[in-house]
Amino acid sequence: MTSQRAACDHAGRDSVFAVGGPVYRECAVDHAAKLLTSDIHPEFRPTSPRPQCYSADVEFVVDSMGKPEQATARVVKANDDEFATSVLSVLTRWKYDPATLDGRRVRQIVKVHQSATIVRVVVSGAVPSGPPRVPAPGC
């Protein structure tokens, strides 16, 4: 074990992830799990009519086959519970290239940040000459 890996010991809160077998943080593997799907997003419809930035940090285990383990998923931080729930609901549809350690596939704890900015576009008066200007997401 390298000194870098030794410094990457699990925190006490990681014990919940180890129920399914040995599990590693990104800093303890040779090649970290890598998200392969980029077109699966939370299906979120806010209940508030005002524009807002939504964000959620979730943590879960990606198994040795590259599948997120729903039972290990937890919200680390979120500014809206409904948005966080929508992120958790699509988790199992994500696909990963699994982490490897010493040439074998291993389970890895992954932390993901998801955000969405909901903007309301109102067009009134004259027909605009191009698409409406929408501010860039600021999450």
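Straight-line reach from LYS77: which lysines have a Cα under 21 Å away, not including same-chain ones fewer than 8 places off?
Correct list for LYS77: LYS111.
May I ask you to list the GluC sites (Glu not before Pro) in the stretch 18-101 that are in a DSSP loop and have at most 12 other Cβ atoms within 10 Å of their Cβ?
GLU43
Since every read-out is calculated from the coordinates, none of them should be taken as a lab result. On a predicted model such as this, the values are computed, not experimentally measured, just so you know. No Cβ is skipped: glycine too gets one built from the backbone with ideal geometry, and neighbour counts run over all protein chains shown.
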